[in-house]
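All remarks here apply to the structure that follows.
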Amino acid sequence: MNNFYRSIFAGVLLLLFTGSALADNNNFNSLLWMQASAEYKANTTQAYNTALRNINAALRDRKWTAAKEQVGNYSSLPPAIVMDIDETVLDNSRYMGKVVFENGEWNAVTWNEWVALQSATAVPGAVEFIKAMREKNVRVIFISNRECRRGGNPGTGSCQEAGTIENLAKVGVAGVLPEDILLLGEEDGWTSEKKSRREYISKKYRIVMLFGDDLGDFLPDVKSNITPEERDRLVSENSNNWGRKWFVLPNPTYGSWLNILRDPKSQYILKY
Ligand SMILES: [Mg+2]
């Protein structure tokens, strides 16, 4: 084999190897769906369009609340919607793309680098929806597990609030106030479980709608020590809320749906 053919042969081998290593990554098809399918965009647009059609009914009805944590007399409180950020408003699939290409896993250091880049794009439909809410004087409040720990993040030593506000501005959500972004660790008791932050908001606002890509964005205590069957039952029990008060965005790449599964995960695949 002369040098020319040898280098072609090596190139083809490399391509085959890289291609199969990529396809071996657990997230390959999930990520491909998020980035290359029209169906992903249709799903997110559907969620936000449905919310927009329901908002007037939610505003009119002073007894309407979307939060299980909302108690007491809330009918005279100003209305707010509560949104998760990642894979709800901001699309981080290019961070995941890098992870897949490098056959790696999510970690706090590379994630912090990505947040600092402020390069996340918008989930289709989200920005237009937020603008419509602002025009109606509905407060938009974000509850995110991006971190801002008192005394600095262990591991990364930074607060992700400013980078997140900048990134939101870049996609068209300008002027988000720091007080309207409630991050993980910002106050005592603000753990990755979002219940305490919904409680905090519910004292000042009537929460009319919730938006997220994880069951934990809607319900308390569903992110660990729970079976898929119990989570499934909770979705059925709250059937009336989906598409009316609760709007779920598709995310097949990560989430508590995956974290709660025991190894080997193949045990959850049904066959005939
Ligand atoms: Mg999320």
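The values are calculated or read from the model by the stated rules, or taken from the named source; none is laboratory data. Because the structure is a prediction, the values reported are computed rather than measured. All Cβ positions, glycine included, derive from the backbone under ideal geometry; neighbour counts span all protein chains shown. In case anyone asks, the SASA skips ligands and DNA or RNA and just uses the protein heavy atoms, side chains included. Shrake-Rupley method; radii C 1.70, N 1.55, O 1.52, S 1.80 Å.
Please work out the Cα convex hull volume for region 41-116 and give it in Å³ per residue.
143
Might you report the magnitude of the Cβ-based charge dipole of the chain about its Cα centre, with Lys and Arg at +1 and Asp and Glu at -1, to the nearest 20 debye?
Computed about the Cα centre, the dipole is about 800 debye.
By the scheme Lys and Arg +1, Asp and Glu -1, what is the net charge of all other residues having a beta-carbon under 12 Å from that of Tyr48?
Overall, the nearby charge balance is +2.
How much space per residue, in cubic angstrom, does the convex hull of the C-alpha atoms of the chain take up?
176
Residues of the chain: accessible area per residue at 1.4 Å, in Å²?
On a per-residue basis, the chain sits at 55 Å².
How do Leu210, Leu59 rank by accessible surface area computed with a 1.4 Å probe, from largest to smallest?
Correct descending sequence by accessible area is Leu59, Leu210.
So for the chain, averaging the separation of alpha carbon pairs under 8 Å that are six or more residues apart and normalising by length, what relative contact order in percent results?
Worked out over the chain, it gives 25 percent.
Positive end of the charge dipole of region 7-268 (Lys, Arg +1 and Asp, Glu -1 on Cβ, about the Cα centre): tell me which of Ala67, Trp106, Leu219 has its Cα farthest that way.
Value: Ala67.
Tell me, what % of the accessible area of the chain is carbon and sulfur with a 1.4 angstrom probe?
That share works out to 55 percent.
Sequence gap at least 6, Cα distance under 8 Å: using those rules, report the relative contact order of region 59-148 to the nearest whole percent.
The value is 42 percent.
Among the lysines, which have Cα under 18 Å from the Cα of Lys170 when same-chain residues fewer than 8 positions away are ignored?
Of all the lysines, those that pass the test against Lys170 - Cα under 18 Å, at least 8 places apart if same chain - are Lys131.
Distances longer than 25 Å among the Cα atoms of region 70-179: what percent of all pairs is that?
29
My understanding is that a pair violates if its Cα-Cα distance is over 19 Å; which of Lys68/Lys245; Lys68/Lys204; Lys68/Lys195; Lys68/Lys136 do that in this structure?
In this structure, Lys68/Lys136 lie more than 19 Å apart at Cα.
Could you work out [θ]222 nm for the chain from helices alone, using -39500 (n - 2.57) per DSSP H run of at least four and dividing by all its residues? Round to the nearest 500 deg cm²/dmol.
After summing the helix terms and dividing by the residues of the chain, the value is -13000 deg cm²/dmol.
Please identify the DSSP H helices in the chain that span no less than 24 Å along the helix axis (Cα) and have a mean Kyte-Doolittle hydropathy of -0.5 or more.
3-24
Within the P(r) computed for region 159-272, what percentage of the Cα pairs occupies the region above 18 Å?
That tail contains 63 percent of the Cα-Cα pairs.
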